[in-house]
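One structure, pasted below without further comment.
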Amino acid sequence: MMYQTYDLYSRTAEMMNGFIKVNQQLLTHPLNPFAETLLGKSVNAALDSAYHHTKAYPKQPFDITTSKINGETINITEQVVISKPFCNLIHFKQDTNVKQPKLFLVAPLSGHHATLLKATIERLILDHDVYITDWLDAKNVPLSEGSFCFDDYVSYVIEFMKEIGEDTHVLAVCQPAVQALIATAVLAKEKDPATPKSLTIIAGPIDTSINPNELNKYASSKDLSWFEKNVIMTVPNRFPGAGRKVYPGFVQLTSFMAMNLESHISKHTDYFSHVFHGKEDKQESHRDFYDEYLAVLDLNAEFYLETLDRVFIKHDLANGNMTYKGELVDLSAITDTALHTIEGKNDDICSLGQTQAAHTLCSGIPDENKLDQVFDGVGHFGTFSGSAFREKIAPSIAEFIAKYN
């Protein structure tokens, strides 16, 4: 019933949202003498904050239409290459004859939409021909499409790798590091031409038994049945996926925000001040961030529970017990794919050493084809967005890929 209760609250909040907006427009109208008074500005700031706390946050567009190559502005066309029930493979096709390395960006399926990586793509596209997994919201997938589990995720990645074809480089951000590594091992064992030339893993949970953080301890402190009883819910009737069992995005968002509650409170307090003082640029920056951050999706229950069990509780990959379609995954089969791991020293979601563990597990890759990097002063989100990513991490990725292209 929790999902239904939340849905009722959300619909009520949306109704209030329109009323709040109308009142704010009346208050701030140029002909309203009250608008520029001290009290008027305070009420406006309060209404603006209330408006953004009650609005719905749909998935944002990628909206990447241009880029630059060799100083020349080029047009970008967003193309859906493969459409599947739970994910689309998107290609940011560049209108240029300049040949760039193909880069398959495997986005996380952990609560946020792939558009959270918009800034990541904008930077990567300067040096690469980029494809991305655009995971779909499980509450909008009809039950007739069947379930989606851990192995299905790997199968999707393998299918997408084969579609993109030979001479492709793969970049997995956070959660899909494990699945990308499994997919690479499966293709390598089959000696498939689509086996990636390089695999870069950013802040991925390869072995969460190393330097466990609060999230890891929380996950391992409870058995799977606890999670199934407490966080798995049924999609309400008004959505296309009505009746589907999911791990709701709003539950994950609550967990994310609780981890940095003081920071979020501070940001919203600052926003109130920015509205009061009319600082439009800072208001826009705040809204852009939260329009994306608060847009979440539901995960299919089977996928969430299996990932929790196999990656965060049993550590199957690190212990050599990971399977795909009933067969043990042999990471030593990866011999011709160069491996690059990236960690942030201040990462509180994927601790130091958890991603680096991939180097030990991939024993078949020569040491000279491995690179492990740790970036000082960088937290989790900083490993794939922000100034550190733009100025240090992205150039290092481009250099690594160019070396093995």
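Take GLY379 and decide whether it is in a loop (DSSP other than H, G, I, E, B), on the phi > 0 side of the Ramachandran plot and surrounded by fewer than 18 Cβ atoms within 10 Å (Cβ to Cβ). Talk me through it step by step, then tell me what you get.
Values: in a loop (DSSP other than H, G, I, E, B): yes; on the phi > 0 side of the Ramachandran plot: no; surrounded by fewer than 18 Cβ atoms within 10 Å (Cβ to Cβ): yes.
Judged against the criteria, GLY379 is not a match.
Restricting attention to the range 226-236, does a residue exist that is more than 24 Å from the chain's Cα centre (by Cα), part of a loop (DSSP other than H, G, I, E, B), modelled with pLDDT of 80 or more and not assigned by TED's automatic domain parsing to the domain that holds LYS139? Steps first, please.
Kept after step one, since they are more than 24 Å from the chain's Cα centre (by Cα), are these residues of the range 226-236: 226, 229, 236.
With the extra rule that they be part of a loop (DSSP other than H, G, I, E, B), the set shrinks to 236.
When the remaining residues are screened for being modelled with pLDDT of 80 or more, the result is 236.
Add one more test, that the residue is not assigned by TED's automatic domain parsing to the domain that holds LYS139, and what stays is 236.
Yes, the range 226-236 contains at least one residue that is more than 24 Å from the chain's Cα centre (by Cα), part of a loop (DSSP other than H, G, I, E, B), modelled with pLDDT of 80 or more and not assigned by TED's automatic domain parsing to the domain that holds LYS139.
Determine, yes or no, whether ASP192 is over 18 Å from LEU352 (Cα atoms), in a loop (DSSP other than H, G, I, E, B) and either in contact with a helix residue (DSSP H, G or I) (Cβ under 8 Å, 6 or more places away or on another chain) or of a type in the set (Phe, Trp, Tyr) (or both).
Numbers: over 18 Å from LEU352 (Cα atoms): yes; in a loop (DSSP other than H, G, I, E, B): yes; either in contact with a helix residue (DSSP H, G or I) (Cβ under 8 Å, 6 or more places away or on another chain) or of a type in the set (Phe, Trp, Tyr) (or both): yes.
It is true that ASP192 is over 18 Å from LEU352 (Cα atoms), in a loop (DSSP other than H, G, I, E, B) and either in contact with a helix residue (DSSP H, G or I) (Cβ under 8 Å, 6 or more places away or on another chain) or of a type in the set (Phe, Trp, Tyr) (or both).
Working carefully through the options ILE182, ILE158, find the one that is crowded, with 17+ Cβ neighbours inside 10 Å, free of Cβ contacts under 8 Å to residues at least 60 places away in the same chain and under 19 Å from ILE206 (Cβ atoms). I'd like the intermediate steps shown before the answer.
Numbers: ILE182 fails: free of Cβ contacts under 8 Å to residues at least 60 places away in the same chain.
Being crowded, with 17+ Cβ neighbours inside 10 Å, free of Cβ contacts under 8 Å to residues at least 60 places away in the same chain and under 19 Å from ILE206 (Cβ atoms) holds for just one of ILE182, ILE158, which is ILE158.
State yes or no: is PHE34 surrounded by 11 or more Cβ atoms within 10 Å (Cβ to Cβ), assigned to a loop (DSSP other than H, G, I, E, B), aromatic (Phe, Trp, Tyr) and at pLDDT below 80? Outline the logic, then answer.
Numbers: surrounded by 11 or more Cβ atoms within 10 Å (Cβ to Cβ): yes; assigned to a loop (DSSP other than H, G, I, E, B): yes; aromatic (Phe, Trp, Tyr): yes; at pLDDT below 80: yes.
So PHE34 fits the description; yes.
Right, next: For the range 100-125, give me each residue that is in contact (Cβ under 8 Å) with a residue 60 or more places away in the chain and over 11 Å from the mean Cα position of the chain (by Cα). Working first, answer last.
Filtering the range 100-125 for residues in contact (Cβ under 8 Å) with a residue 60 or more places away in the chain gives 101-113, 115-120, 123-125.
Across the range 100-125, the qualifying residues are PRO101, LYS102, LEU103, PHE104, ALA119, ARG123, LEU124, ILE125.
Going by the conditions given, is ALA295 surrounded by 15 or more Cβ atoms within 10 Å (Cβ to Cβ) and in contact with a Leu (Cβ under 8 Å, 6 or more places away or on another chain)?
Criteria not met by ALA295.
Among the residues of the range 83-93, which ones are assigned to a strand (DSSP E or B), touching an Asp or Glu at 6+ places or on another chain (Cβ under 9 Å) and either among the small types (Gly, Ala, Ser) or under 18 Å from PRO61 (Cα atoms) (or both)? Spell out the reasoning first.
We begin by selecting, within the range 83-93, every residue assigned to a strand (DSSP E or B); these are 83-84, 87-93.
Cutting the leftovers down to touching an Asp or Glu at 6+ places or on another chain (Cβ under 9 Å) gives us 84, 87-93.
Residues satisfying the conditions are CYS87, ASN88, LEU89, ILE90, HIS91, PHE92, LYS93.
Restricting the search to the range 316-328, which residues are in a loop (DSSP other than H, G, I, E, B) and either outside the structural domain of PRO142 (by TED's automatic domain parsing) or surrounded by fewer than 21 Cβ atoms within 10 Å (Cβ to Cβ) (or both)? If you could, list the steps in order and put the result at the bottom.
Within the range 316-328, the first condition is being in a loop (DSSP other than H, G, I, E, B), and the residues that meet it are 316-322, 325-326.
Result: ASP316, ASN319, GLY320, ASN321, LYS325, GLY326.
Let me ask something additional. Among the residues of the range 181-198, write down those that are aliphatic (A, V, I, L, M) and more than 18 Å from ASN369 (Cα to Cα).
Taking the range 181-198 first, the residues aliphatic (A, V, I, L, M) are 181-183, 185-188, 194.
Passing the criteria: ILE182, ALA183, VAL186, LEU187, ALA194.
Would a scan of the range 340-351 turn up a residue that is in the same structural domain as PRO205 (by TED's automatic domain parsing), touching a residue at least 12 places away in the same chain (Cβ under 8 Å), out of contact with any helix residue (DSSP H, G or I) (no Cβ under 8 Å at 6 or more places or on another chain) and among the charged types (D, E, K, R)? Break it down into steps so the answer makes sense when it comes.
Looking only at the range 340-351, we keep the residues that are in the same structural domain as PRO205 (by TED's automatic domain parsing), and these are 340-351.
If we keep only those that are touching a residue at least 12 places away in the same chain (Cβ under 8 Å) too, we end up with 340-351.
With out of contact with any helix residue (DSSP H, G or I) (no Cβ under 8 Å at 6 or more places or on another chain) added as a condition, the list becomes 345, 350.
Restricting the remaining residues to those that are among the charged types (D, E, K, R) gives 345.
For the range 340-351, residues in the same structural domain as PRO205 (by TED's automatic domain parsing), touching a residue at least 12 places away in the same chain (Cβ under 8 Å), out of contact with any helix residue (DSSP H, G or I) (no Cβ under 8 Å at 6 or more places or on another chain) and among the charged types (D, E, K, R): present.
Condition check ((1) hydroxyl-bearing (Ser, Thr, Tyr); (2) in the same structural domain as SER147 (by TED's automatic domain parsing); (3) surrounded by 13 or more Cβ atoms within 10 Å (Cβ to Cβ)) across all residues:
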{"residue": "PRO248", "(1), (2), (3)": "no, no, yes"}
{"residue": "VAL251", "(1), (2), (3)": "no, no, yes"}
{"residue": "SER266", "(1), (2), (3)": "yes, no, no"}
{"residue": "PHE289", "(1), (2), (3)": "no, no, no"}
{"residue": "GLU306", "(1), (2), (3)": "no, yes, yes"}
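Further question: Can you confirm whether ILE64 is part of a strand (DSSP E or B), farther than 23 Å from GLN175 by Cα, in contact with an Asp or Glu (Cβ under 9 Å, 6 or more places away or on another chain) and of a type in the set (A, V, I, L, M, F, W, C)?
No; evaluated as a whole, the condition is false for this residue.
Take LEU371 and tell me if it is of a type outside the set (Phe, Trp, Tyr), in a strand (DSSP E or B), in contact with a Lys or Arg (Cβ under 8 Å, 6 or more places away or on another chain) and within 22 Å of ASP167 (Cα to Cα). Give the steps one after another, and end with the answer.
Numbers: of a type outside the set (Phe, Trp, Tyr): yes; in a strand (DSSP E or B): yes; in contact with a Lys or Arg (Cβ under 8 Å, 6 or more places away or on another chain): no; within 22 Å of ASP167 (Cα to Cα): yes.
No.
Further, regarding this structure: For the range 83-96, give me the residue count where each residue is of a type outside the set (S, T, N, Q) and closer than 23 Å to SER67 by Cβ.
Filtering the range 83-96 down to residues of a type outside the set (S, T, N, Q) leaves 84-87, 89-93, 95.
Of the ones still in play, those that are also closer than 23 Å to SER67 by Cβ are 89-93, 95.
Residues meeting the conditions: 6.
Which one is surrounded by the fewest Cβ atoms within 10 Å (Cβ to Cβ) among residues in the range 268-287 that are at pLDDT 75 or above and touching a helix residue (DSSP H, G or I) at 6+ places or on another chain (Cβ under 6 Å)?
LYS282
The values are calculated or read from the model by the stated rules, or taken from the named source; none is laboratory data. Because the structure is a prediction, the values reported are computed rather than measured. Here the Cβ is made from the backbone with ideal geometry for all residues, glycine too, and neighbour counts use every protein chain on show.
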